[in-house]
Amino acid sequence: MKRNHLVLILVVAALVLMVWAGVANYRRRKAEQERLRAMQAVLMPAAPPASADAGAPPEEEMKSPLEGKTAPPFTLETLQGQKVSLASYKGKAVLVNFMASWCAPCKVETPWLIKLRDQYASQGFEILGISTDDLDKDDKKLNAQDKADIAKFVSNMHIDYPVLIDGDSISHPYGGIDALPTSFFVDRSGKIIAATIGLHDRDELEANIKKALASGGA
Amino acid sequence: MRRLLSIVLAGALCLGLQCAVSQKLAWQSDAQTKGDAHQMVRFLYPEQVTVVAGKPSVLELHFRVNDGLHINSHEPRAKSLIPTQLMVGEPTGVDVASVDFPPGTDYSPAFTPNDKLSVYTGEFVLRAHVTAQHGDHLVQAALRYQACDANSCYPPKTAPVAISLIAK
């Protein structure tokens, strides 16, 4: 009789353990799914291709979650140490262009950007080039060398719009800049009206610039 | 009764273990669980090598670039491009004299068909010249690379390399 009681207690304990395990498992899965949903809301669609059929950039079909939202504010320095804020361009249409000196597609689109800026500057259009080149923060000499390399790139490419450095420091609010070039088209009210990842053709750039110029005016 | 008890206990144990061990969800790949979710180049092999103690040996390190991507070779044609490099931490008792990189293959991006880049795609092999003293050693290294696809470039990354080197 005593032995039967012991067995019964063990069975009940085992059943309680099974129920507990099931509930805990369910809760953990639910939490993971919530976390995934939150991640998907923040992440930019720039996952690098991992298969042969991934040649075409998948981001082209996906919309940035930042579109329609106010562009995250930032203040960065130029190569000359002058501080530049996005806020100071309110009333203008701005192309925030993340790039790097080592990025070959960036070199292709830069001449287009220079010409488009010339073409639309009189209508209130500006480009802010955001360099994501590494900057050594511990060694002043290396930091100066890094800046000199960016300056050389700017000079070689004949870039005449502001180029701001340390772009990685604002990467997070812009969804994490995983691929270059990445461009955000900001309208006159400071709202992002389009975003592109990777090299897009000149006509598409121009269409987005026109859209930014036409939007958000008083 | 005893049989019932054993079945119930086994079931409980399985469920408990399943709950305790971190599970892989549908959206988690193996790479993610290993912490290299965004690697575009992976070290393939060897994981373990046996060499003759005190004698120079060559380790062939095999890597693979993800399909649809290319990385700059060790000697890219433009100075502004980031070369592929191997940073090796030499443990006590192991001397890495040099690492040979294969020549890059020519690649012309679609957006600049007249340009020729020197790149690695698919699988490539580095040859490390090592001399190890008698014993077991863990050689750790990191491959620094910068990848691009047809339209975009990705920030430089490092792929971890770990080899168990046995010198007899």
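Each reported figure results from applying straightforward, stated rules to the coordinates on display, with no laboratory input. These figures come from a predicted structure and were not determined experimentally. No Cβ is skipped: glycine too gets one built from the backbone with ideal geometry, and neighbour counts run over all protein chains shown.
Modelled spin-label separation between B:Y45 and A:A87, with each label point placed 7 Å from Cα along the Cα-to-Cβ direction: 5.9 nm. Evaluated at q = 0.15, 0.21, 0.24, 0.30 Å⁻¹, the base-10 log of the normalised Debye intensity for segment A:108-153, with identical point scatterers placed on the Cα atoms, takes the values -0.55, -0.75, -0.84, -1.05. In segment A:64-214, inverting the average of 1/r over every pair of distinct C-alpha atoms gives 15.4 Å as the Kirkwood radius.
Look at the stretch A:131-140: the mean tally of other chain Cβ atoms within 10 Å of its residues' Cβ atoms is 1.
Between A:L142 and A:A214, the simple label model (points 7 Å from Cα in the Cβ direction) yields a spacing of 4.9 nm.
Checking the cross-link filter: which lysines have an alpha carbon closer than 19 Å to that of A:K137, excluding same-chain neighbours under 8 positions apart? Qualifying lysines at Cα under 19 Å: A:K83, A:K147, B:K157.
Taken over segment B:82-149, the convex hull of the Cα atoms encloses 98 Å³ per residue. Site pair B:Q133 and A:R3 shows an inter-label distance of 6.5 nm when each label is modelled 7 Å from Cα along Cα→Cβ. Counting Cβ atoms of other protein chains within 10 Å of each Cβ in B:141-153 and taking the mean gives 6.
By the count of other C-beta atoms within 10 Å, a proxy for reagent exposure, A:T70, B:T50 are ordered fewest to most as A:T70, B:T50.
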